Amino acid sequence: MTKCVYPGSFDPFTLGHLDILARACALFGEVKVAVLKNTRKSCFFTLEERLAFIRRAIDEKGLTNARVAAFEGLLADFVEFERAGCVLRGIRGAIDYEYEAAMAALNKRLYPHCETVVLMASPEFIAVSSSMVREIGRLGGNIGSLVPESNRAAIAERLLADE
Ligand code: PNS
């Protein structure tokens, strides 16, 4: 069974991300969640927080073939380093598709054997994004149906403290 890399900023990891990860765990031998280190793109949550949220979500869901690591530099290099067969991404619709198609093409240009597998978001998560979680949480809204239960309190507390 192939190993894949599931990359992203995960700022923070949402129930939509967890849904994609769980479905990929049923399709691949191993799924390595690759969390982008803050470089030029700044994140609200620290790398350590984002890694911890994902580890807790994996435990909560009992995903025994999911792993987590931070990465910096080119994603395609990380996929090579991990000896993974492909990149996994989730898409919610046409807007995501344009970006993912370009990224997949460029990664393939860097390493012609680098495949990208895309899973469609489940209908209940089509509108869920990290940026919406941050906005709703900052304004004191209920993020209960948007992020894994094990992370809810910590994420809500950090976002509220930002207002
Ligand atoms: O969750 P995001 O922010 O949509 O994830 C984007 C991510 C991290 C997958 C993308 O920015 C990325 O791969 N960054 C690493 C640098 C890189 O390889 N860039 C070229 C992509 S073709």
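Can you name every residue in the stretch 112-142 that is assigned to a helix (DSSP H, G or I) and either within 27 Å of VAL79 (Cβ to Cβ) or of a type in the set (Val, Ile, Thr) (or both)? Within the stretch 112-142, PHE125, SER130, SER131, VAL133, ILE136 qualify.
Looking only at residues of the stretch 93-111 that are assigned to a helix (DSSP H, G or I) and over 20 Å from GLY16 (Cβ atoms), we find that the one that is most open to solvent (accessible area, probe 1.4 Å) is ARG109.
Taking the conditions (1) of a type in the set (Gly, Ala, Ser); (2) more than 16 Å from the chain's Cα centre (by Cα); (3) open to solvent by 40 Å² or more (accessible area, probe 1.4 Å) in turn, GLY137 satisfies each one other than (3).
Would the stretch 20-28 turn up any residue that is within 14 Å of the ligand (Cβ to nearest atom), crowded, with 17+ Cβ neighbours inside 10 Å, within 10 Å of the chain's Cα centre (by Cα) and not in a helix (DSSP H, G or I)?
The answer is no, given that none of the residues of the stretch 20-28 is within 14 Å of the ligand (Cβ to nearest atom), crowded, with 17+ Cβ neighbours inside 10 Å, within 10 Å of the chain's Cα centre (by Cα) and not in a helix (DSSP H, G or I).
For the stretch 20-42, residues that are modelled with pLDDT under 95 and over 21 Å from ALA76 (Cβ atoms) total 1.
Here is a check on your reading of the model: is ASP19 of a type in the set (Asp, Glu) and closer than 20 Å to SER122 by Cα?
Values: of a type in the set (Asp, Glu): yes; closer than 20 Å to SER122 by Cα: yes.
Yes: the conditions hold for ASP19.
Sub-6 Å Cβ pairs linking a first residue in the stretch 58-76 that is touching a residue at least 40 places away in the same chain (Cβ under 8 Å) to a second residue that is part of a strand (DSSP E or B) and within 16 Å of the ligand (Cβ to nearest atom), at least 6 apart or interchain, are ALA66/VAL31; PHE71/ALA34; LEU75/PRO7, ordered by first then second residue. Evaluating LYS37 against the criteria (1) in contact with an Asp or Glu (Cβ under 9 Å, 6 or more places away or on another chain); (2) open to solvent by 60 Å² or more (accessible area, probe 1.4 Å); (3) away from the ligand (no atom under 16 Å from the Cβ) leaves one unmet condition, (3).
From the set of residues in the stretch 44-78 that are more than 16 Å from the ligand (Cβ to nearest atom) and part of a strand (DSSP E or B), which is least open to solvent (accessible area, probe 1.4 Å)? Before the answer, list the steps.
Kept after step one, since they are more than 16 Å from the ligand (Cβ to nearest atom), are these residues of the stretch 44-78: 48, 52, 55-56, 58-67.
Those left that are additionally part of a strand (DSSP E or B): 66-67.
Values: ALA66: 9, ARG67: 109 Å².
My answer is ALA66.
The values are calculated or read from the model by the stated rules, or taken from the named source; none is laboratory data. Fair warning: this is a prediction, and the values are worked out from it, not measured in the lab. As a convention, Cβ positions derive from the backbone with ideal geometry for all residues, glycine included, and neighbour counts pool all protein chains shown. SASA here: full protein model, heavy atoms, side chains in, ligands and nucleic acids out. Shrake-Rupley method; radii C 1.70, N 1.55, O 1.52, S 1.80 Å.
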